[in-house]
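Structure first, then comments.
The values are calculated or read from the model by the stated rules, or taken from the named source; none is laboratory data. Computed from a prediction, not measured in an experiment: that's the story for all the values here. Counting neighbours? That spans all protein chains shown, and the Cβs are built from the backbone with ideal geometry, glycine included. Surface accessibility is based on the protein's heavy atoms, side chains included, excluding ligands, DNA and RNA. Shrake-Rupley method; radii C 1.70, N 1.55, O 1.52, S 1.80 Å.
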Amino acid sequence: MMRSKYLFVAMLTISTTFAAYAQHSPKGLKDHYKDYFPIGVAITPRHLQDSATRAFLLQHFNSLTAENAMKMEPVHPEADRYQWGGADAIVQFAMENGLKVRGHTLCWHNQAPKWMFYDEKGQLVGKDTLLNRLRTHIHEVVGRYKGRIYAWDVVNEAVSDGRGEFLRNSLWYKICGEDFIAQAFRYAHEADPEAVLFYNDYNTEDPVKRDKIYRLLKKLREANVPVHAVGLQGHWSIKDPSRERLASAIEQYASLGINIQITELDVSVFTNNKMPEKPDFTAEQQMLQEHQYRMLFDTFRKYRHVITGVTFWNVSDRSSWLDNFPVKGRKNYPLLFDETLQPKKAYGSVVGF
């Protein structure tokens with residue numbers, strides 16, 4: 001017991017030392033992981049308007065994902081109108097600075113414009129019409145960035161969370177059945193045969209949902225649908241997943257002969273849907289978050305032969321989607337950098353290996 005206590009103190013000291021060192025070191029996350037996999041981050045066009053933030057991005061990351069600018073509704077709000085400004089700005093910044101770009105996302109039940117599913121009379125369209133609209137959208141978006149975006153999250157979150165339900169009962173599914181999934185991948189492959197195509201989802205480590213995702217991917221692969229990789233979103237918490245559950249998921253997906261990326265990583269400091277009495281980032285939360293990040297990256301490095309990228313979902317604790325989900329206005333601290341872009345103790349546990 002005393003040995004464990006001393007080991008914990010030693011690890012805490014090491015991570016604190018690395019975090020302090022990082023404040024003055026030109027090395028960034030990407031440099032520590034240059035022999036493992038690219039380190040990415042989800043950004044908005046607003047991040048590129050500030051010179052300090054641009055410099056920070058270039059120090060720590062070598063891959064970018066558009067948090068929202070490439071999703072269907074923002075980029076294609078009307079049938080005959082596209083809004084390219086935000087997506088173009090992110091791709092241009094990446095190209096000018098030698099960064100990779102992941103495209104996110106081509107087909108999702110959220111942030112899909114209403115016009116995609118309805119006709120001029122307000123009635124649901126038929127399967128052929130919807131698939132034609134999907135094909136047009138994918139060809140326009142993927143084709144515009146062909147050769148500049150190396151990977152796409154093609155279909156996002158199509159598997160149901162329900163225990164007795166296989167696929168999510170979205171409008172895509174109601175109108176097309178499960179065919180929309182295979183067709184989306186075929187359309188993306190038509191538009192850019194060189195792009196790496198991902199199925200992307202959350203709760204990918206939950207044994208029940210994991211088996212459903214595996215079943216879907218296996219079926220698609222056996223039908224020669226061009227699904228090349230799976231994205232584990234990685235919206236995790238200080239207590240979940242366990243090392244064993246994460247490793248089991250990685251091994252099960254890898255058995256299909258596909259690569260894996262962690263596509264939307266953050267580690268929530270909360271494990272419930274309640275508003276805390278005190279909004280502070282507590283010492284206990286810091287410790288647990290540090291331990292969880294250490295375990296996650298230990299596991300990622302172990303499976304470097306199948307993990308081809310790790311992307312954080314947002315830049316720092318200054319702003320995270322978790323500040324308003326699942327509890328609106330509940331400030332979260334899920335990332336490696338604090339609200340002033342300084343490395344947290346968890347940063348030391350990620351780079352101190």
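Worth pointing out:
- The magnitude of the dipole of the chain, with charges of +1 and -1 set on the Cβ of Lys/Arg and Asp/Glu and taken from the Cα centre, is near 620 debye.
- The chain gives an Rg/Rh value of 0.97, both radii derived from C-alpha positions and Rh following Kirkwood.
- Between Asn324 and Lys219, the simple spin-label model (points 7 angstrom out along Cα→Cβ) gives 3.5 nm.
- For region 204-275, the set of trypsin sites (Lys or Arg not before Pro) satisfying both a DSSP loop assignment and a count of at most 15 other C-beta atoms within 10 Å is given as Lys239, Lys274.
- Residues whose amide H comes within less than 5 Å of that of Val196, counting only those at least five positions distant or on another chain, are Ala151, Trp152 (H built at 1.01 Å from N in the peptide plane).
- Computed FRET value (nearest 0.05) for Asp206 with Phe353, which takes r as the C-beta separation and R₀ as 30 Å: 0.60
- FRET E, pair Thr340, Glu73, Förster distance 30 Å, beta-carbon r, rounded to 0.05: 0.35
- With all pairs of separate Cα atoms included, region 228-353 yields a Kirkwood hydrodynamic radius of 15.1 Å.
- Summing charges over neighbours of Gln342, with a neighbour being any other residue whose Cβ is under 12 Å away from its Cβ, gives 0 when K and R count +1 and D and E count -1.
- For Asp31, the accessible surface of its heavy atoms amounts to roughly 50 Å² (probe 1.4 Å, protein chains only, rounded to the nearest 10).
- Derived scalar couplings ³J(HN,Hα) [region 176-184; Karplus, 6.51 cos²θ - 1.76 cosθ + 1.60; whole Hz; x for Gly, Pro]: 10, x, 7, 4, 4, 5, 4, 5, 4
- Net charge of neighbours whose Cβ lies under 13 Å from the Cβ of Asn273, counting Lys and Arg as +1 and Asp and Glu as -1: +3
- Taking a point 7 Å out from the Cα of His305 in the direction of its Cβ, none of the residues of region 194-220 has a backbone N less than 14 Å from it.
- Backbone HN-Hα couplings from phi across region 135-150 [Karplus 6.51/-1.76/1.60, Hz, Gly and Pro as x]: 4, 4, 4, 5, 5, 5, 6, 5, x, 4, 10, 4, x, 10, 9, 8
- FRET efficiency, Glu120 to Asp88 (Cβ-Cβ, R0 30 Å, nearest 0.05): 0.50
- Straight Cα distances below 26 angstrom link Lys114 to the lysines Lys71, Lys127, Lys174, Lys328, with same-chain residues fewer than 8 positions distant left out.
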